[in-house]
1. Between R426 and D466, what is the spin-label point distance in nm, taking each point 7 Å from the Cα along the Cα→C-beta axis?
2. So how far apart, in nm, are the two label points at E71 and E211 if each is 7 Å from Cα heading toward Cβ?
3. Counting only residues 5 or more places away or on other chains, whose amide H sits under 5 Å from the amide H of Q231 once H atoms are built in the peptide plane?
4. In whole Hz and in residue order, list the ³J(HN,Hα) couplings for region 74-80 that follow from phi through the Karplus curve 6.51 cos²θ - 1.76 cosθ + 1.60, θ = phi - 60°; x for Gly and Pro.
5. Please list 3J(HN,Hα) in residue order for region 198-204, calculated via the Karplus relation 6.51 cos²θ - 1.76 cosθ + 1.60 where θ = phi - 60°; whole Hz, with x for glycine and proline.
6. Taking the Cβ of each residue in I124, I369 as the centre, tally the other Cβ atoms inside 10 Å and list the residues starting with the fewest.
7. Taking R0 as 41 Å, what FRET efficiency do you get between V109 and R327 from their Cβ-Cβ distance, rounded to the nearest 0.05?
8. Using alpha-carbon positions, what is the distance between the centroids of region 38-62 and region 97-126, in Å?
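Just so you know, all these numbers are worked out from the coordinates, no wet-lab data involved. Model, not experiment: these values are computed from the prediction. Here Cβ is always computed from backbone atoms with ideal geometry, including for glycine, and neighbour counts include all displayed protein chains.
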Amino acid sequence: MPHSYRPTYHASVPSGWGNDPNGVIFYGGRAHLFYQHYPHAPIWGTMHWGHFVTRDFVRWQSLPAALTPDEPYEAVYGCFSGSAVESDGRLYLLYTAAQPDQQRQCIAVSSDGVRFTKAPGNPIITAGAMSPELSPADFRDPCVFRHEGRWYMLAGTRILTGDAPSAMTPTLFAEGTHPGFGNLVLLRSDDLYHWSYVGRLLRPQPGLDPEYLRLDGVYECPDYFTLDGAQVLLACPQNLPRRGNAWQNLHSALYMLGALDFGDGHFRVDAIGEIDAGFDFYAPQTLRMPDGRVILLAWKEMWDRSYPTQPEGWAGTYALPRELRVRDGRLIQTPVREIEAYRQNPVCRDGFDVDGEEVRVEGVEGQAIEIEVTLEPGTAARAGMKLFAGREHETLLYYDRELGALVFDRSRSGQAITGREADVSRRLCDVGHPARLALRVFLDVSSVEVFVDGGRQVMSGNVYPDAEDAGAAFFAEGGRCRFTNLRKYDIVVEGGAR
Ligand code: FRU
């Protein structure tokens with residue numbers, strides 16, 4: 001039976017390739033999700049900006065490409081990632097024109113939010129005009145925002161000079177093509193077209209692991225916002241080395257809480273966290289809704305992996321949008337509340353023990369479902385759920401007492417996935433040894449997202465089961481555990497999300 005891996009309630013590229021969300025903004029009564037797009041094949045190619053709009057973050061209407069790489073300054077790699085701002089009722093896109101030897105910032109404007117005109121003065125920003133310390137070949141992903149009546153831009157780059165840490169070793173420069181260490185820079189403008197250099201964000205400071213200043217890569221796709229009295233910086237470091245169970249993917253998405261000095265660009269880092277401890281999550285961007293909510297959108301894929309949807313002519317899915325809060329010095333993420341309007345066929349079960357024999361609960365199954373449950377690990381060594389379970393396949397999500405971690409194991413999920421990491425089958429999320437663990441799990445055909453403890457941690461990953469792999473079971477090994485407050489819903493979006 002032909003089987004499509006296309007999710008039913010997540011945004012996914014209609015055809016061809018999609019990566020980073022770009023220019024996410026609420027404008028003209030709708031939320032806009034632009035994205036890195038190659039329309040001609042399901043592989044990365046000369047970048048366009050694809051375009052979705054939504055009224056509820058669940059149903060996405062696809063519009064014509066907002067940017068196509070039709071200018072000589074972007075002819076090779078195309079229109080890379082960037083952001084959107086509204087000014088005088090118009091929508092401005094700031095993006096990177098990418099060529100093999102240089103990345104420069106450009107601007108395009110629209111008065112209807114659909115058709116964009118590139119400025120005749122493009123590219124408006126070059127690395128060289130800002131500061132000799134910026135690498136011209138790695139200077140991208142402008143994030144523009146307003147602060148005290150002026151425009152500011154963050155961009156990812158490599159710093160060529162300056163107070164690089166003394167542990168700098170020649171091996172980092174082995175290829176010679178990308179010298180310098182990854183960092184972020186702040187620029188300033190009064191009119192969106194003329195920019196000046198303020199300074200670099202990450203600098204040596206007490207308590208900041210020098211690893212963050214020695215990055216052999218770029219801090220891609222920065223984002224900045226204030227929320228709940230905190231200043232939040234998001235960025236995606238390439239090649240950040242694994243530390244314990246953190247940064248298990250080759251490329252990561254992190255948040256930093258701290259304070260940005262708008263005078264010299266320094267961001268004092270008070271706390272760092274991994275946004276998602278799963279397999280597939282990158283390039284998140286946020287928008288602020290008229291009701292004040294800060295919503296995060298992200299690419300729910302990862303670089304340097306195989307993409308099993310390619311034979312279907314498309315590759316690229318987006319995470320279920322998340323509402324953000326800052327509490328107790330950390331980022332809290334919960335699924336956008338609009339998804340609850342699509343719940344159907346609720347199944348409720350109060351409490352049950354599992355000891356040895358796995359337990360199935362009538363009605364708890366499906367490939368497009370939400371499961372909420374509280375796990376009390378009790379005496380079990382391992383306890384959790386089998387999802388997308390069929391004759392040959394199962395996806396495991398369980399608490400492991402010895403590891404003090406929630407484990408997401410996709411080694412037997414279905415079609416195999418390959419990647420550059422040593423292990424692309426298992427991810428661990430540190431949870432310690434809690435008496436209970438609240439889990440909220442969203443399954444969508446080829447997608448798993450797990451919100452842990454009310455969104456204090458999240459794990460996302462793609463799996464490729466067969467159409468028949470729709471079972472679910474609760475299991476415990478090496479002792480007895482208890483599940484309470486079980487709720488299951490089908491998530492039904494008539495006609496699909498895209
Ligand atoms: C991040 C990224 C960006 C770049 C874009 C190119 O995923 O590498 O830095 O602008 O993708 O498609």
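1. The modelled label-to-label distance comes out at 2.6 nm.
2. Result for the modelled spin labels: 4.0 nm.
3. G258
4. 10, 5, 8, 9, x, 9, 7
5. Once θ is set to phi - 60°, the couplings for region 198-204 become 9, x, 9, 7, 8, 9, x Hz.
6. Arranged by neighbour count, lowest to highest, I124, I369 become I124, I369.
7. 0.60
8. 19 Å
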